[in-house]
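Everything on this sheet refers to the single structure shown next.
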Amino acid sequence: MEGIPTRARAYVVCVVLGALLCLSPLPSVRAPWWAVLLLAALYAGGERIARRRFAGTCYPVLLAGAFLLPPSAAALVPLPGALFSLVEQRPFLLRRIWRAAHLVIGVWAASRVHEALDGQDAVEASDVPYALLPAGTAVLVFCLVFAALDGGILALAEGLPPLRCWRGLFLRSLAPVGVHGLAGLMMAVLWRSPYGPVAALLVLFPMGVSWWVFAQYHRERAAHQATIRALVQAVDIKDGYTRGHSERVGQASMLIARELGMDEGRIEVLRFAGILHDVGKLGVPTRLLRKDGPLTPEERRVIELHPEYGHEITRGISFLGEARSAILHHHERIDGSGYPYGLAGSQIPECARVVAVADAFDAMTSTRSYSRARPVEVALEELQRCAGAQFDPRMVTALVRVIARDGWHPVVTADETRPTVPPPAHVPDRPGARR
């Protein structure tokens with residue numbers, strides 16, 4: 001159990017004991033054991049295929065078992081698949097036992113609620129409108145149990161805030177598990193119908209298609225991430241003094257966007273914009289990027305071409321969307337004195353106004369070849385001072401608010417250190433501006 005904190009190991013032991021308690025009534029339970037074995041084998045095989053080939057899980061089989069079987073018998077269905085599942089991280093045995101235990105508790109709880117609401121009678125009678133209520137409640141309980149158990153292990157093993165873990169896990173799981181629950185209910189109704197278990201298995205075919213589509217989405221997303229990572233690494237190699245800056249600007253941009261209530265799609269685009277905002281530095285001579293001391297007017301004009309270079313470099317990357325306009329305009333100023341085009345106010349794209357604030361904030365709180373790091377509080381005060389002239393006040397207010405509430409926990413690359421140095425005596429008019 002290498003690398004797992006003692007408190008997390010104790011938590012796993014408690015969950016395992018809870019799972020054994022759920023299974024304890026088995027000797028006195030009357031259940032169709034052939035159905036238990038069939039569903040268990042189906043889950044084990046489907047889970048292995050789904051995890052190896054696709055990007056999904058075989059929850060419809062588990063939920064069908066919860067709708068068809070007594071709670072303790074239904075809780076047996078996930079055991080073989082979980083205990084022999086594919087695990088990529090050590091400790092393998094502990095992770096398999098954990099997965100088996102929390103699946104047992106989740107399925108048992110869902111089946112127990114479904115039984116208490118007379119859901120099995122509705123399934124037996126194929127009373128689909130009425131069957132939706134107990135099935136939906138059981139799915140809700142299934143999600144709640146999973147979120148509670150998984151949130152607990154995350155909080156103990158990784159030190160994350162428990163409430164945030166539980167809320168995030170529950171909300172993310174509700175929609176996909178709800179779809180799986182509907183498929184599980186269809187399987188259960190068909191199973192009890194004159195068509196029998198063979199017809200019930202046909203429900204898994206459309207689920208397989210959805211898994212395949214989901215897997216393609218994940219592969220495409222992984223390709224996007226690889227593209228961005230390669231570009232960022234190239235910038236970091238060329239301008240080593242700002243290593244990690246791109247990731248932190250992406251993080252700050254995402255915080256601002258989330259605080260402003262933007263949808264998740266735009267938040268992701270703004271993260272891309274923040275990460276890639278300086279990709280145009282690939283077109284700037286290295287000697288200028290690494291120069292100690294002030295730049296000459298000619299050198300500054302060359303540096304100021306990097307937003308246009310970045311826009312050209314990312315021209316063919318279609319998934320970036322409006323992030324490309326942020327790359328081009330993140331050095332524009334609200335008063336119109338920025339570059340490359342001197343846009344003012346609302347002429348500057350919203351995403352560029354977000355990235356401008358995130359970029360300046362990290363530039364001020366990082367040590368560069370031409371400036372020393374300032375404390376977060378000083379940087380925020382400087383942003384507020386420049387709001388309305390250089391920065392959009394709404395973006396500045398959002399960043400100040402989110403950092404005041406949650407603090408600033410920057411992403412730091414493995415080979416980077418962030419020294420803390422008192423702020424310089426002179427604060428320039430353009431914080432971290434011209435580079």
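Conditions tested, residue by residue: (1) more than 21 Å from Pro32 (Cα to Cα); (2) over 26 Å from the mean Cα position of the chain (by Cα); (3) surrounded by 15 or more Cβ atoms within 10 Å (Cβ to Cβ).
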| position | (1), (2), (3) |
| --- | --- |
| Leu132 | yes, yes, yes |
| Phe142 | yes, no, yes |
| Phe146 | yes, no, yes |
| Val177 | yes, no, yes |
| Met187 | no, yes, yes |
| Ser193 | no, yes, no |
| Ala200 | no, yes, yes |
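Taking the condition in contact with a Phe, Trp or Tyr (Cβ under 6 Å, 6 or more places away or on another chain), free of Cβ contacts under 8 Å to residues at least 60 places away in the same chain, within 14 Å of Ala19 (Cβ to Cβ) and hydrophobic (A, V, I, L, M, F, W, C), does Val77 pass?
Details: in contact with a Phe, Trp or Tyr (Cβ under 6 Å, 6 or more places away or on another chain): yes; free of Cβ contacts under 8 Å to residues at least 60 places away in the same chain: yes; within 14 Å of Ala19 (Cβ to Cβ): yes; hydrophobic (A, V, I, L, M, F, W, C): yes.
Criteria met by Val77.
Filter the stretch 309-332 down to residues that are over 19 Å from Ala257 (Cα atoms) and either basic (Lys, Arg) or open to solvent by 60 Å² or more (accessible area, probe 1.4 Å) (or both) and give me whichever is nearest to the chain's Cα centre (by Cα).
Initially, the stretch 309-332 is screened for residues over 19 Å from Ala257 (Cα atoms), giving 309-318.
Adding the requirement that they be either basic (Lys, Arg) or open to solvent by 60 Å² or more (accessible area, probe 1.4 Å) (or both) leaves 309, 312-313, 315-316, 318.
Working: Tyr309: 30, Glu312: 29, Ile313: 27, Arg315: 26, Gly316: 26, Ser318: 22 Å.
Looking at residues that are over 19 Å from Ala257 (Cα atoms) and either basic (Lys, Arg) or open to solvent by 60 Å² or more (accessible area, probe 1.4 Å) (or both), I get Ser318.
For Leu20, are the conditions met, namely being out of contact with any Pro (no Cβ under 8 Å at 6 or more places or on another chain), loosely packed, with under 14 Cβ neighbours inside 10 Å and at pLDDT 90 or above? Before you say what the answer is, go through the steps one by one.
Values: out of contact with any Pro (no Cβ under 8 Å at 6 or more places or on another chain): yes; loosely packed, with under 14 Cβ neighbours inside 10 Å: yes; at pLDDT 90 or above: yes.
Considered against the rule, which asks whether it is out of contact with any Pro (no Cβ under 8 Å at 6 or more places or on another chain), loosely packed, with under 14 Cβ neighbours inside 10 Å and at pLDDT 90 or above, Leu20 comes out as yes.
Scanning the stretch 321-349 for residues that are touching a Phe, Trp or Tyr at 6+ places or on another chain (Cβ under 9 Å) and part of a loop (DSSP other than H, G, I, E, B), which turns out nearest to Phe361 (Cα to Cα)?
My answer is His331.
Can you pull out every residue in the stretch 36-94 that is open to solvent by 10 Å² or more (accessible area, probe 1.4 Å), farther than 25 Å from Ala222 by Cβ and at pLDDT below 90?
Leu42, Ala44, Gly45, Leu83, Phe84, Pro91, Leu93, Leu94
Could you check the stretch 244-263 and list, in sequence order, the residues that are crowded, with 20+ Cβ neighbours inside 10 Å and out of contact with any Lys or Arg (no Cβ under 7 Å at 6 or more places or on another chain)?
Listed by number, the residues that qualify are Gly244, His245, Ser246, Glu247, Arg248, Val249, Ala252, Leu255, Ile256.
Would you please list the contacts, defined by Cβ atoms under 6 Å and residues six or more apart or on different chains, that run from a residue in the stretch 108-122 that is among the basic types (Lys, Arg) to a residue that is open to solvent by 10 Å² or more (accessible area, probe 1.4 Å)?
Once the first residue is among the basic types (Lys, Arg) and sits in the stretch 108-122, its partners that are open to solvent by 10 Å² or more (accessible area, probe 1.4 Å) give Arg112/Pro71.
Condition test on Ile267, is it surrounded by 16 or more Cβ atoms within 10 Å (Cβ to Cβ) and out of contact with any Gly (no Cβ under 9 Å at 6 or more places or on another chain)?
Values: surrounded by 16 or more Cβ atoms within 10 Å (Cβ to Cβ): yes; out of contact with any Gly (no Cβ under 9 Å at 6 or more places or on another chain): yes.
The answer is yes for Ile267.
So, Leu163, is that one without any contact (Cβ under 8 Å) to a residue 40 or more places away in the chain, open to solvent by 20 Å² or more (accessible area, probe 1.4 Å) and farther than 21 Å from Val104 by Cα or not?
On the way: without any contact (Cβ under 8 Å) to a residue 40 or more places away in the chain: yes; open to solvent by 20 Å² or more (accessible area, probe 1.4 Å): yes; farther than 21 Å from Val104 by Cα: yes.
Here the answer is yes, as Leu163 does meet what is asked.
For the stretch 354-375, does any single residue satisfy the condition of being open to solvent by 40 Å² or more (accessible area, probe 1.4 Å), free of Cβ contacts under 8 Å to residues at least 12 places away in the same chain and under 31 Å from the mean Cα position of the chain (by Cα)?
no
The values are calculated or read from the model by the stated rules, or taken from the named source; none is laboratory data. Note that the structure is predicted; figures quoted are calculated from it, not measured. Cβ atoms come from the backbone with ideal geometry, glycine included; neighbour counts cover every protein chain shown. Please note that ligands, DNA and RNA were not included when accessible areas were found on the heavy atoms of the full protein model with its side chains. Shrake-Rupley method; radii C 1.70, N 1.55, O 1.52, S 1.80 Å.
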